[in-house]
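*Asks:* Structure incoming, see below.
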Amino acid sequence: MKTPACTLTSRPDLPASLETALVHLGRDSAAASHAVNPPLVRASTLLFPTLADFKASNGGCVFESPRYGRSGTSTQFELQQAMARLSGAESCIATPSGLSAIAAVLGAHARPGGLILLQEGVYGPTRALCEQVLAPLQCRVETFCSAEDLAGKLTAASFLVFIEVPGSLTMQMVDVGAVCALAAAQGVPVACDATWGTPLFFDAHRHGVDIAIHAATKYLNGHSDVMLGLTTGSYAALEATRSGCDRTGSHVSADACWLALRGLRTLHLRMPRHHTSALQVAQWLSLQPQIERVLFPALPTDPGHALWQRYFTGAPGPFTVELAPCSEPAFTRFIESLQWFGLGTSWGGFESLVMPAIPHHLRGLPVQPDAGRLLRLHIGLESPDDLCRDLAAALPLLQGGAG
Ligand SMILES: Cc1ncc(COP(=O)(O)O)c(C=O)c1O
């Protein structure tokens, strides 16, 4: 099987290539201290030299200019500006986590009686937020599974279309361009959870997305030590979200932004490596007898491959694996015998991870059915040969009995 190569998305609006931009963006405030890196500025109180400056601080854009600690300091502003530039967007809002960014965007567009159209297979907590928070507030939420399906449900009275590419766990692709064209024709904004691709592999705004949401907790930071959301778009597209974040006291720490800025410096090195390693492991796994299917749109055999090729320039680490029927004890033995895969939720760090992936409709069952068990693997920056050897040693355990 030929391995699809990856490239970085192009950013003709930047004065240099993305690699150079990643090294140099977000460092303006460093000059005053003669340091390479911008200072970490923690603050609740901000001081102004004159009354005129103090009064003027209230006229600036919240989360983009100094006024009070909650709206940020130069540290948050540096990261937001860097992310906006990388994304080809006017503006970026940092929030305390990826889920808080999703909640801020959905909350800003939810109205009693209003309709939000949600792609099937989005990140579980996104769906739970819609079902358990928005629906009780009389906001109508309907799901769709493809652009064709959306066409039959979308009207000018809809408030938001929300997509995620690829969908969490199912790894299902949606035709982003077609969804955005349909929504634009009705004047409805499209928000997209673009965490998987990052701006390096998925140029969300160029494909028509109005609001791109990134759990920067994952690849953008890349070191498994920060919770952070970054949302990009034009000022107009982000207006309701920004004002909602302001009203609800959303604030992200300067420390998280400083670490994420550090993470950005190596994003262009990490992402292609995640791509080649994930493909190697996914291709190898798909040939193993204990594996029913590997759900990964970068694989030429995946049903979403053509859409992935159209919209993405690479594919990073996480993908889903469907195992041949196996018992719970064998499944447990397999997971616990892996040496290089940590057992944990999340992905996007430098390390490989494994976790049982439980589809929405099976959540809450005390015991998962033996058939159709899903695993999510995140392929980190270790040697992919070591990872395959680790999996090769563990896979035979799946065929053991219940004992
Ligand atoms: C696709 C996707 N979006 C959003 C999130 C939420 O991000 P956070 O954990 O930073 O809240 C996650 C977390 O796993 C995710 O996988």
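The values are calculated or read from the model by the stated rules, or taken from the named source; none is laboratory data. Treat the numbers as computed from the prediction; the structure is a model and nothing was measured. Virtual Cβ from ideal backbone geometry, glycine too; neighbours counted across all protein chains shown. Accessible surface areas use protein heavy atoms only, side chains included; no ligands, DNA or RNA. Shrake-Rupley method; radii C 1.70, N 1.55, O 1.52, S 1.80 Å.
*Asks:* Select from segment 3-49 the residues that are hydrophobic (A, V, I, L, M, F, W, C), surrounded by 15 or more Cβ atoms within 10 Å (Cβ to Cβ) and assigned to a loop (DSSP other than H, G, I, E, B) and list them in ascending order.
*Replies:* Residues satisfying the conditions are C6, L8, L14, L25, L40, V41, A43, L46.
*Asks:* Considering segment 36-62 alone, what residues qualify as being at pLDDT 95 or above and either of a type in the set (S, T, Y) or within 33 Å of the chain's Cα centre (by Cα) (or both)?
*Replies:* Matches in segment 36-62: V36, N37, P38, P39, L40, V41, R42, A43, S44, T45, L46, T50.
*Asks:* Hey, among the residues in segment 38-82 that are acidic (D, E) and out of contact with any strand residue (DSSP E or B) (no Cβ under 9 Å at 6 or more places or on another chain), which one's farthest from L261 (Cα to Cα)? Walk me through how you get there before you give the answer.
*Replies:* In the first step, residues of segment 38-82 are kept if they are acidic (D, E); the result is 53, 64, 78.
Checking which are out of contact with any strand residue (DSSP E or B) (no Cβ under 9 Å at 6 or more places or on another chain) leaves us with 53, 78.
Details: D53: 28, E78: 8 Å.
For segment 38-82, the residue satisfying everything is D53.
*Asks:* Can you name the condition, by its number, that L150 falls short on among (1) open to solvent by less than 40 Å² (accessible area, probe 1.4 Å); (2) closer than 22 Å to L238 by Cβ; (3) part of a helix (DSSP H, G or I)?
*Replies:* For L150, the failing item is (2).
*Asks:* Additional query: Consider segment 153-198. How many of its residues are out of contact with any strand residue (DSSP E or B) (no Cβ under 8 Å at 6 or more places or on another chain) and open to solvent by less than 10 Å² (accessible area, probe 1.4 Å)?
*Replies:* Qualifying residue count for the region: 1.
*Asks:* Among the helices (runs of 4 or more DSSP H) lying completely within segment 58-145, list those that include at least 3 residues that are in the same structural domain as V174 (by TED's automatic domain parsing) and of a type in the set (A, V, I, L, M).
*Replies:* So the answer is 74-87, 98-109.
*Asks:* Could you tell me whether L287 is more than 19 Å from L8 (Cβ to Cβ), free of Cβ contacts under 8 Å to residues at least 24 places away in the same chain and open to solvent by 50 Å² or more (accessible area, probe 1.4 Å)?
*Replies:* Details: more than 19 Å from L8 (Cβ to Cβ): yes; free of Cβ contacts under 8 Å to residues at least 24 places away in the same chain: yes; open to solvent by 50 Å² or more (accessible area, probe 1.4 Å): yes.
Criteria met by L287.
*Asks:* If you go through segment 293-314 one residue at a time, how many are surrounded by 17 or more Cβ atoms within 10 Å (Cβ to Cβ) and either of a type in the set (D, E, K, R) or farther than 24 Å from G372 by Cα (or both)?
*Replies:* Of the residues in that region, 8 qualify.
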